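Following: one structure in structure tokens, then a few remarks.
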Amino acid sequence: MKTLISTRSLESVESPFLAVLVSDNQAPLKDASLERAIASGDYKGKKDEALLVYGAPPGKAERILLVGIGKATEITRSSIRRGAAIAARRARSLGTKTVTIAVAKEARGGLGVAEIVQVAIEGAAQGGWQFTELKKQPEDPKPELESVEIVINKADKEDAEAGRRIGDAVAAGYLFTRNLQMQPGNLCTPTFLGEQARKLATTYKFGVTILDLAQIKKEGMGALLAVAQGSAEEPRFIVLEYQGGTGAPVVLIGKGVTFDSGGISIKPAANMEDMKFDKSGATAVLGAFEVLGRLKPRINVVGLIPATENLPSGTAIKPGDVVKSHLGKTIEIINTDAEGRLILCDALSYARRFKPAAAIDAATLTGAVVVALGHHAIGLLGNDEALLAEVRDAGERAGERCWPLPLWDEYRELLKSDVADVKNSGGRAAGTIAGAWFLREFVDSFPWVHLDIAGTAYLEGEGPSHAKGPTAIGVRLFTEFLLKRAGAAGA
Ligand code: BES
Ligand code: MN
Ligand code: ZN
């Protein structure tokens, strides 16, 4: 997806598809066709309301789409991102290869030009996405959205280009992640995730270490091994290192279960195919590295991905088994479907060697977070109030909202085992908190935040700004977090 900045007036835009984000029902440009449609009073300019007209002089655009993004006083980065996504989705379904996007003056809220351009590009990437890679005969084939043009005032060109640089990088990371999430379990295996990481490392000159089965054994990652032992696919433990600054790194950790059947505690068959999305934490980390490689901010970042399948077999772990983790603590397996925490606990233990300034893990960890927050918020838990606030803030800017749940000491009781140091499931009560408490048992005195993305990693239905399927959640949040920490867009 190519992007460009245009400083033409809206009347002189020659585009097959000009989308203008508006906060009211005024015509944002002189165009006979648009003015007539507005005069009819049919269009109210409400949030998500779209009006398509075929342009007429003095306007030059072939098609004009007005997209309502809500009241002028309530406009945020998310409103612009969403409006741009709606525009790109429409362009996509019409089959125009180009979309030109402008934001009416009244619809800019208090936002700066750089961030408007950035989030408009992010939105266009979101709305223009479609996955046909695995179809031999796509029904109703439509061309890719090739270019996105953003119209701004001449005086704002420099700011707009700065925003475009970030928007382009985020869009690339986002699309990389969303396509990778979509890959089925037979293609996207732990080995395949490792190859993806290695490719990123080659392209952007990251440090990379990929532990295979023998090396994982040697490293003593007994909890990751316990999950992997039921599968014929070898596990991988992936380490990516980006060095752009000085000082202790931020460590990003992503759950990489390439398929979660539940293991011996097998899941019901209905919708089990969605468990290919159980690698969404891992793909978010990889997408964040794609962004890092492009923007090169002044910060050090380590990415850790424990990758495995979770399958039942004659060699699989069983309820009641006790395994020894990388940290040394013993774990009683109560439920083999609580596998995410097992692979993550070894990653958190491995993270100690980097002396992290902060560690953030993203994981499709619990169905309980869907019960608590539905599909609109990431569950946010951790051991450090300042870091929790910082991550939550990054989520707001990214349009990937987080909502806190408590990690009070009382909840630790849920994980007391009769035979081992800790058990891997505390039953139905407070499932998301119990999952996070388990992880906390393996966090050795560094600031840490856990993001439970089980409700937000993929959508079961489509919306006006989003197709059904994966969301690349985490890529934008990680980016916002790291760029803010780095202090600038980079070298
Ligand atoms: N991968 C699942 C969580 C999940 C559920 C992700 C729905 C996406 C959508 C996870 O491994 C899991 O199975 N968790 C169990 C934990 C329980 C056994 C303690 C769950 O939530 O039921
Ligand atoms: Mn599971
Ligand atoms: Zn899982």
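Here are a few things to note about the model shown:
- In this view, the solvent-accessible surface of ASP159, computed with a 1.4 Å probe and all protein chains in place, comes to about 80 Å².
- For VAL67, the solvent-accessible surface computed with a 1.4 Å probe is close to 0 Å², ligands and nucleic acids excluded.
- Formal net charge of residues neighbouring ILE433 (Cβ-Cβ distance under 14 Å; K, R +1; D, E -1): -1
- Heavy atoms of ASP24: accessible area, 1.4 Å probe, square angstrom to 10: 50
- Here the Karplus curve 6.51 cos²θ - 1.76 cosθ + 1.60, taken at θ = phi - 60°, turns the phi angles of the stretch 444-458 into couplings of 9, 6, 10, x, 9, 10, 10, 10, 8, 9, 4, x, 10, 6, 8 Hz, with x standing for Gly and Pro.
- At 0.692 mPa s and 37 °C, Stokes diffusion of the stretch 1-96 via Kirkwood alpha-carbon radius, µm² per second: 242
- In the chain, a dipole from Cβ-located charges (positive for Lys and Arg, negative for Asp and Glu) runs towards its positive end, and of LEU134, ALA91, ALA357 it is ALA91 whose Cα lies farthest in that direction.
- Per-residue ellipticity at 222 nm computed for the chain from its helices equals -10500 deg cm²/dmol, with DSSP H segments shorter than 4 residues left out and the rest contributing -39,500 (n - 2.57).
- Antiparallel content of DSSP bridges confined to the chain, in %, to 5: 40
- Rg/Rh for the stretch 179-490 (Cα atoms only, Rh after Kirkwood) is 0.93.
- Excluding same-chain neighbours fewer than eight residues apart, the lysines reachable from LYS279 by a Cα-Cα span under 16 Å are LYS255.
- The residues ASP409, ASP418, sorted by heavy-atom accessible surface at 1.4 Å with ligands and nucleic acids left out, run ASP418, ASP409 from largest to smallest.
- Net charge contributed by nearby residues that have their C-beta within less than 14 Å of ALA284 (K/R +1, D/E -1): -2
- Computed over the stretch 381-491, Cα set: Rg, Dmax in Å: 16.6, 54
- Amide H contacts under 5 Å for VAL251: VAL302, ALA357, ALA358, ALA359, ILE360, restricted to partners 5 or more places along the chain or on a different chain, H placed in the peptide plane at 1.01 Å from N.
- Using the Karplus relation 6.51 cos²θ - 1.76 cosθ + 1.60 with θ = phi - 60°, the per-residue 3J(HN,Hα) values for the stretch 374-387 come to x, 9, 10, 8, 7, x, 10, 9, x, 10, 8, 4, 5, 5 Hz, with x marking Gly and Pro.
- If you plug the beta carbon distance of ASP212 and THR132 into 1/(1 + (r/R0)^6) with R0 = 30 Å, you get a FRET efficiency near 0.35.
- About its Cα centre, the chain has a charge dipole of approximately 880 debye under the convention of +1 per Lys or Arg Cβ and -1 per Asp or Glu Cβ, with nothing else charged.
- The stretch 54-202 pair-distance distribution - Cα-Cα, 10 Å bins, rounded %: 10, 34, 32, 17, 7, 1
- Ranking HIS450, HIS376 from most to least accessible surface, computed with a 1.4 Å probe over the protein chains only, gives HIS376, HIS450.
- Local electrostatic count at ASP337 - Lys and Arg +1, Asp and Glu -1, tallied over other residues with Cβ under 12 Å: -1
- With loop membership from DSSP and a limit of 12 other Cβ atoms within 10 Å, the longest segment of the chain without trypsin sites (Lys or Arg not before Pro) is 206-415.
- Under 5 Å from the amide H of ILE334 lie the amide H atoms of GLY320, ASN424, SER425, each residue being 5 or more positions distant or on a separate chain, with H modelled from the backbone and absent for Pro and chain starts.
- Estimated vicinal HN-Hα couplings, Hz - the stretch 305-311 in sequence order (Karplus 6.51, -1.76, 1.60; Gly, Pro = x): 10, x, 10, 6, 9, 10, 10
- When the chain is described by a simple charge dipole with +1 on each Lys and Arg Cβ and -1 on each Asp and Glu Cβ, the residue from SER79, ILE264, PHE442 located farthest towards its positive end is SER79.
- Dipole orientation for the stretch 179-490: of the candidates ILE253, HIS376, VAL422, ILE253 has the Cα lying most toward the positive pole (charges on Cβ; Lys, Arg +1; Asp, Glu -1).
- Between ARG401 and ILE378, the built amide H atoms are under 5 Å apart, and every one of these is 5 or more places off in sequence or on another chain.
- Rounded to 5, percent antiparallel among DSSP beta bridges of the stretch 2-151: 20
The values are calculated or read from the model by the stated rules, or taken from the named source; none is laboratory data. Keep in mind that this is a model prediction, so the values were computed, not measured. Here the Cβ is made from the backbone with ideal geometry for all residues, glycine too, and neighbour counts use every protein chain on show. Ligands, DNA and RNA are excluded from the accessible area calculation, which covers all protein heavy atoms including side chains. Shrake-Rupley method; radii C 1.70, N 1.55, O 1.52, S 1.80 Å.
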